[in-house]
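Take a look at the structure below.
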Amino acid sequence: MAVYALAFIAFAIDLAKRSAAVDSADVPAVAADEVSVAGAVAGGNTTTLTRLSVRMANDAATPYGRSASLRVGVSLLVLAWGLHLVAAVLRGIAAERVPWANMYEFAMTGTLLIVTVFLIVLTRTDLRFLGTFVSGLILILLGIAALQFYVEVAPLPPALQSVWLVIHVFVASLGTGFFALGFALSFVQLLQSRREERAGTEKPGRLKFLKTLPSAFTLENLAYRVNIIGFILWTFTLMAGSIWAERAWGRYWGWDTKEVWTFIIWVIYAGYIHARATRGWRGSRSAWLAIIGFAAVMFNFGIVNVFFKGLHAYSGL
């Protein structure tokens, strides 16, 4: 957690430097491309849209690729991820099983997978500007887990002594990692959309770093791709959970609170994908659906697991 905190500080310093550089010549000329994108949307030129989308993402990242604080932030995040991985592996060795059988272990493994997804995506797309969000989220979740959910290693209840514990929970955690990244992109998209709509009218000093980030159009496309992967994983989670329920309790579906909320999350993201693909729900409306979906994921993890009684009450509290 200490190393994650240092990474958070480094990423925050980078955002501060971006804000300070807004009025300098180093700021990428994204605004002109945003106008071109608007024209391409009106004309239905999808080839131009794709080219401009890629160009805007690259242009927004390039001037800051040499930022010392950004490089330090990524290095510290990788170091923290390594320590996090060792902690999870040692917990598994101590328990002689996979380390995600209770709330503490699930929080440890789930946050590890969020960082893993982020670092893997960084190898394909420069999303380092989300480092503050990712490291901050991990700090909060690990802090809550350490203070509220920690339990000693204990034997598994009979219902959890199944290979589906390995498959079902791991895929759910991995899906959560993609949803978290999609949430971050959608949140920044909303901020960027508001800035673009009020271009030239906003008060000086208000979230200046947004001018150095990709356009709302690019952020929305990235969020959509990430959320689709998370949705596929969550669909498998729902199916695997039903199979496991039949083997453990003799029925595929029993309207248990956890089962219901897992299905609610699936419906929200299915609606998000469907509305965006067939109803033309673009921009802020699609971003809000993605944010609501991730809020449901966090509610399912932090509230349903702790305060609702049911067959899935394996928090260890």
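The values are calculated or read from the model by the stated rules, or taken from the named source; none is laboratory data. A quick note: this is a predicted structure, and the numbers were derived from the prediction, not measured. Just so you know, the surface numbers come from the protein's heavy atoms only, side chains and all, with ligands and any DNA or RNA stripped out. Shrake-Rupley method; radii C 1.70, N 1.55, O 1.52, S 1.80 Å.
Points to keep in mind about this one:
- Based on the Stokes-Einstein relation at 37 °C and a viscosity of 0.692 mPa s, and on the Kirkwood radius from alpha carbon pairs, the range 64-210 is assigned a translational diffusion coefficient of 190 µm²/s.
- Note on Glu196: accessible area approximately 60 square angstrom, rounded to 10, probe 1.4 Å, nucleic acids and ligands left out.
- In the range 258-307, the ratio of gyration radius to Kirkwood radius, Rg to Rh, stands at 1.06 when only Cα atoms are counted.
- Under-5 Å amide H pairs with Trp253, H placed in peptide plane, nonlocal only: none
- Reciprocal of mean inverse Cα separation for the range 118-167 (Kirkwood radius, Å): 14.2
- Long-range HN-HN contacts of Arg282 with modeled amide H, under 5 Å: none
- In order through the range 225-232: 3J(HN,Hα) via Karplus (6.51 cos²θ - 1.76 cosθ + 1.60), integer Hz, x for Gly, Pro: 5, 5, 5, 4, 4, x, 5, 4
- Computed over the range 131-278, Kirkwood Rh from alpha-carbon pairs, angstrom: 18.2
- The gain in end-to-end length when the Ser162 to Ile243 segment is fully stretched comes to 28.0 nm, 0.36 nm per residue minus the alpha carbon separation.
- Portion, in percent, of the accessible area of the range 75-121 that falls on carbon or sulfur, probe 1.4 Å: 80
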